[in-house]
Amino acid sequence: MNDTSLIQQIAVAALPVLLAITLHEAAHAYAAKRFGDATAYMLGRMTLNPLKHIDPIGTVLLPIVTLMIGGFLFGWAKPVPVNFGALRKPRQHSRWVAAAGPLANFGMMIGWALLFKLAVSTDSYFSEPLRLMSQIGVSINISLMVLNLLPILPLDGGRIVESLLPPGVAYRYSRLEPYGMWILIGLIVTGLLSAVLRPLINLMYDLLQFFL
């Protein structure tokens with residue numbers, strides 16, 4: 001891969017990656033405010049301004065590295081602060097706050113898939129850049145959605161599982177949160193994360209092709 005092609009790939013990937021991460025976090029902030037916690041809103045995180053959500057490693061370095069080595073594209077942003085105790089119905093509303101991010105990625109996945117169909121059905125100067133951008137948009141949103149739905153705290157899937165468990169079990173489950181990122185790192189190092197995510201990612205692509 002020469003430098004020019006890498007620069008072109010980064011330029012094409014920038015918009016879908018920033019949108020995927022920014023809207024994911026903004027959706028969490030919006031849902032939290034909707035259900036009673038204005039913490040993220042007061043801190044200026046309920047915004048589409050990507051600068052408010054960028055994490056130097058997860059939003060910039062990691063997507064570029066994964067793009068360079070040819071793996072699936074993914075990253076993360078600064079987590080939106082949520083005071084779950086301030087929600088009007090903490091257990092019920094916390095699952096919707098957690099689900100808001102993956103739901104935003106699901107909506108963007110559909111949108112980029114429709115743009116991809118438009119790009120391949122037209123013949124213009126913008127068709128090829130739009131096709132590449134749409135492919136990346138679908139890829140990053142599927143990856144983010146599937147990754148975040150893993151039942152590991154503090155990921156969104158872990159929050160959803162915690163909200164569904166009986167209170168006593170949920171409390172014991174919540175005590176695993178300090179180890180969540182270490183569990184995730186262990187899955188990455190051992191290759192188990194890819195083994196878990198790949199079938200789920202392929203399933204989402206199959207569903208997109210079936211319905212669209």
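The values are calculated or read from the model by the stated rules, or taken from the named source; none is laboratory data. Quick caveat: nothing in here was measured; it's all calculated off a predicted structure. Note that each Cβ is placed from the backbone with ideal geometry, even for glycine, and that neighbours are counted across all protein chains shown. Areas reflect the complete protein model, heavy atoms only, side chains present, ligands, DNA and RNA absent. Shrake-Rupley method; radii C 1.70, N 1.55, O 1.52, S 1.80 Å.
Observations on the structure shown:
- Of residues in the range 91-126 being assigned to a helix (DSSP H, G or I), small (Gly, Ala, Ser) and more than 18 Å from PRO79 (Cα to Cα), the one nearest to the chain's Cα centre (by Cα): GLY107
- Cβ pairs under 7 Å, 6+ apart, first in the range 107-126 and over 18 Å from LEU144 (Cβ atoms) and open to solvent by less than 60 Å² (accessible area, probe 1.4 Å), second part of a helix (DSSP H, G or I) and among the basic types (Lys, Arg): ALA119/ARG131
- Checking each residue in the range 127-142 for being surrounded by fewer than 23 Cβ atoms within 10 Å (Cβ to Cβ) and either polar (S, T, N, Q) or assigned to a loop (DSSP other than H, G, I, E, B) (or both) picks out SER127, SER134, GLN135, SER139.
- Within the range 179-194, not a single residue is open to solvent by less than 20 Å² (accessible area, probe 1.4 Å), hydroxyl-bearing (Ser, Thr, Tyr) and farther than 20 Å from MET108 by Cα.
- Candidate set: the range 4-34, residues that are closer than 14 Å to LEU103 by Cβ, open to solvent by 30 Å² or more (accessible area, probe 1.4 Å) and at pLDDT 95 or above; chosen: the one farthest from the chain's Cα centre (by Cα): ARG34
- Residue selection: PRO151 fails the criterion of being open to solvent by 70 Å² or more (accessible area, probe 1.4 Å) and not in a loop (DSSP other than H, G, I, E, B).
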